[in-house]
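Below is one structure; the comments refer to it alone.
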2 protein chains.
Amino acid sequence: MSRNADGGAPTPEGGWLDGDQQRAWLAYIRVQLRLTYEMNRQLQSDSDLSLPDYDVLTALSVADGGLMPITALAAQIGWERSRVSHHVRRMAARDLVNCGPSANDRRVTEVRLTPHGRKVLEAAAPGHVDLVRRLFFDGLPPELVGPLSQALESVYANMIAQGTLPPPVDWRPPRGE
Amino acid sequence: MSRNADGGAPTPEGGWLDGDQQRAWLAYIRVQLRLTYEMNRQLQSDSDLSLPDYDVLTALSVADGGLMPITALAAQIGWERSRVSHHVRRMAARDLVNCGPSANDRRVTEVRLTPHGRKVLEAAAPGHVDLVRRLFFDGLPPELVGPLSQALESVYANMIAQGTLPPPVDWRPPRGE
DNA sequence: AAAGCATAGGTGATATGTCACGCAATGCCG
DNA sequence: CGGCATTGCGTGACATATCACCTATGCTTT
């Protein structure tokens, strides 16, 4: 719906975005905004989960053994470690996961999907996927699925390439400055 | 990065997403996550603005007279009114905007861009647009810009069509149940 | 083994976002 | 004019997210 003071004169060299780009950007922003909002709403009301909760559960469910160290989880879902730390603590209180130190490396905290957590996820998944299909794919002409994938994959590849940091890790300069 | 327990067997009838859809969805999620994160980071560190701040300022800057009622602003940027209310209060404390009751309808609060707010926005815009170009458009093959726009616009149109509510308004049943 | 850096997390403060209500100003109708 | 529903907002409580630090382990190097 916004983030588009990005428009202006089609100044070719560096200034703003050209007409076509503006159009793409606006469309992207609108979809992103609304989609996130609706996914949150749906999960919250149907399954008493937030979208972030769902992301965590999903990541754990496909992880080997249904368990993952905090850092791995963070990398997987693209969060800062600290956020994961806070979040899993809250989820643990709801018995969706449980955390405990690893036997090998005692710095590591392993987050593990509880049976209840798995049940909740399995109950929530169909509805979520359904929403995604209705909101996203039902309106997407089949012949545009390919191009869309290509486009987004190109964008992502480029983001990573010039990325400041690979994933959004919280990083600190090597003990100086 | 996640939100993709959406994969599984390519069950054609209703269950999950098929292979191509999974691919598109994964690409979308990755881009969305990372892009939002980076935009926030960049604005925050370069201009001491959050992405939401930027959205508000942008909306006001193009509004007629640099001012808008809360509800209009909310609709414009796709927020709940309550969120706008809280947010503009905080922004007012930083002298980015100022709020005041409308002369005509005294229920209405008009949010107005302050001179300082405009300056900050104008200072921030180039950097933001630049980031968007670098992160999003630099990696996007020109011949895919059109298809991407079409795809996202179709998706958006469909979302709106079957949308529960047009924009994310907070709605209450007409005084009953 | 001691020094020193690196790695994995946790924490507290503060900024944000959401929900459920509450209240006042308006608009209608009879 | 006297209700009374509607519209536009603000608020408080609570859930989340981010930032700047702090600690405990582990690893390497002498």
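The values are calculated or read from the model by the stated rules, or taken from the named source; none is laboratory data. The model shown is predicted, which means the values in this text are computed figures rather than measured ones. Note that we place each Cβ from the backbone using ideal geometry, even for glycine, and neighbour counts take in every protein chain shown. Accessible surface areas use protein heavy atoms only, side chains included; no ligands, DNA or RNA. Shrake-Rupley method; radii C 1.70, N 1.55, O 1.52, S 1.80 Å.
Label separation (A:Asp48 vs A:His86): 2.3 nm, computed from points 7 Å beyond Cα along the C-beta direction. Peptide A:33-42 shows a mean partner chain C-beta count of 4 within 10 Å per residue C-beta. 3J(HN,Hα) along region B:123-131: 6, 7, 3, x, x, 5, 4, 4, 4 Hz, from the Karplus curve 6.51 cos²θ - 1.76 cosθ + 1.60 with θ = phi - 60°, whole Hz, x for Gly and Pro. For the chain pair B and A, the interface hides roughly 6900 square angstrom of accessible area in total, found with a 1.4 Å probe. Of the peptides A:55-64, A:152-161, A:103-112, B:42-51, the order by per-residue mean of other Cβ atoms within 10 Å, starting with the highest, comes out as A:55-64, A:152-161, B:42-51, A:103-112.
For the pair A:Asp20 and A:Arg94, a Förster radius of 51 Å applied to the C-beta separation gives a FRET efficiency near 0.65, rounded to the nearest 0.05. Under a model in which nothing but the beta-carbon of Lys, Arg (+1) and Asp, Glu (-1) is charged, region B:49-134 shows a dipole of about 180 debye around its Cα centre.
Starting from a label point 7 Å past Cα on the Cβ side, list the distances from A:Glu122 to the same position in the other copies, nm, shortest first. Its label point is 6.1 nm from the equivalent points in the other copies. The mean number of Cβ atoms from other chains found within 10 Å of a Cβ in peptide B:74-81 is 3, as a whole number. Look at the stretch A:114-127: the mean tally of other chain Cβ atoms within 10 Å of its residues' Cβ atoms is 1.
A cut-off of 5 Å between modelled amide H atoms, ignoring neighbours fewer than 5 places along the same chain, links A:Thr114 with A:Val97, A:Asn98.
Taking a ≥ b ≥ c as the square roots of the eigenvalues of the Cα gyration tensor, region B:19-177 is classed as oblate, since a/c reaches at least 1.5 and a/b does not exceed b/c. What sits nearest the axis between copies B and A, counting only chain B Cβ atoms, is the residue and whole-Å distance B:Pro147, 2. Near the amide H of B:Trp16, within less than 5 Å, lie the amide hydrogens of B:Thr11, all on another chain or at least 5 residues away, with H placed in the peptide plane.
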